[in-house]
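S.K.: One structure is given below, represented as structure tokens, and several questions about it will come after.
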Amino acid sequence: MRDAPVRAPVTSHQLLFFVSGVVGFGPSIAVLYHALRTYDYPHTDHAYFESRRVFLGIAVGMVLGTVSGGLAVALAAPDLLALVLVLALLALFEEGFKLVYLNRKGYRGRYDTTFYGVAIGIGMSALVAAGTAYVNGPGLFAPGRITLVAVFSASLAFIHAATGAVLGFGCSRGDLLPAFVQAYAARVLHAAMLIPFFVWSTTGRTDIAIPLFSLAAATAFTVVVYWYAYGSVLPNTLPPEMRRERRRSFRKATGGDE
């Protein structure tokens, strides 16, 4: 009779990798589900987007997040002014890439491009947040640290989903410049609010009041921006007849209003 195979114990590195993935991807997937759930069965009779393009957008966003993370490391800021410049350049690169991707021939002028904008933003936020969690090392397991990183992860999910939707909506209507200005402005404001939090997280200082307020303000801002995208941009991307159809099927499925 053979002995049962002995399983290798889970190492601290493997646990850190797993927890970082949960902290990074959890909030992003939750935001994606919340944003798109009422545009698909069972809330409606049929989906108003292609699942294949949603998953492709997530994958592209993850690649973009990897590149952006590499750029952030390469452009390590030695002082506050450099940090501001790096954050502004990264936001410009990320939102510019989203715009180029969503304005391609197969996406331009389509109402559902708005949904794929959400997907690419979610892929990016998930990867960046997971990477941020991982670089904390074993310190991530401290209750206070993991809570702050999880909140930061949620703020990234909200802002990237919202700016992705705005850019997708702009590409669907041919209004590229106004959409890009709105998305970039939102990203710059979000980054500016987070500067005290970033400084605190890299210096290891113990005074947390200002960084905590910084993170709270930035997160509240992203919730407002996301709620605008969820309540206005996503519904209005549908043509009028589809909006009426969706309302009817939603009421039929839920027995009430949205």
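The values are calculated or read from the model by the stated rules, or taken from the named source; none is laboratory data. Remember, it's a predicted structure, so these values are computed and weren't measured experimentally. Positions of Cβ are backbone-derived with ideal geometry, glycine not excepted, and every protein chain shown enters the neighbour counts. When the accessible area is computed, the model is the full protein with side chains, heavy atoms only, and any ligands, DNA or RNA have been set aside. Shrake-Rupley method; radii C 1.70, N 1.55, O 1.52, S 1.80 Å.
S.K.: Counting just the residues of segment 128-145 that are of a type outside the set (Ser, Thr, Tyr) and open to solvent by 50 Å² or more (accessible area, probe 1.4 Å), which one comes out farthest from Met62 (Cα to Cα)? Quick ask: steps written out before the conclusion?
M.R.: Of the residues in segment 128-145, the ones of a type outside the set (Ser, Thr, Tyr) are 128-131, 133, 135-145.
Of the ones still in play, those that are also open to solvent by 50 Å² or more (accessible area, probe 1.4 Å) are 135, 138, 141, 143, 145.
Numbers: Val135: 17, Pro138: 24, Phe141: 24, Pro143: 27, Arg145: 24 Å.
The extreme case among them is Pro143.
S.K.: Could I ask something else about it? If I filter segment 234-247 for residues that are in a helix (DSSP H, G or I) and among the β-branched types (Val, Ile, Thr), do I get at least one hit? Lay out the reasoning, then the answer.
M.R.: Narrowing segment 234-247 to residues in a helix (DSSP H, G or I): 234-236, 240-247.
Narrowing further to those that are among the β-branched types (Val, Ile, Thr): none.
Taking every residue of segment 234-247 in turn, none turns out to be in a helix (DSSP H, G or I) and among the β-branched types (Val, Ile, Thr).
S.K.: Consider segment 14-71. How many of its residues are of a type in the set (Lys, Arg) and either open to solvent by 60 Å² or more (accessible area, probe 1.4 Å) or not in a helix (DSSP H, G or I) (or both)? Walk me through it before giving the result.
M.R.: If we filter segment 14-71 for residues that are of a type in the set (Lys, Arg), which is where we start, we get 37, 52-53.
Okay, now just the ones that are also either open to solvent by 60 Å² or more (accessible area, probe 1.4 Å) or not in a helix (DSSP H, G or I) (or both), so 37, 52.
Result for segment 14-71: 2.
S.K.: How many residues are farther than 13 Å from Val166 by Cβ and open to solvent by 30 Å² or more (accessible area, probe 1.4 Å) if we restrict to segment 236-254? Can you show your working first?
M.R.: So the first thing to find is which residues in segment 236-254 are farther than 13 Å from Val166 by Cβ, and the list is 238-254.
Checking the rest, the ones that are also open to solvent by 30 Å² or more (accessible area, probe 1.4 Å) come to 239-245, 247-248, 251-254.
Residues that pass the stated criteria total 13.
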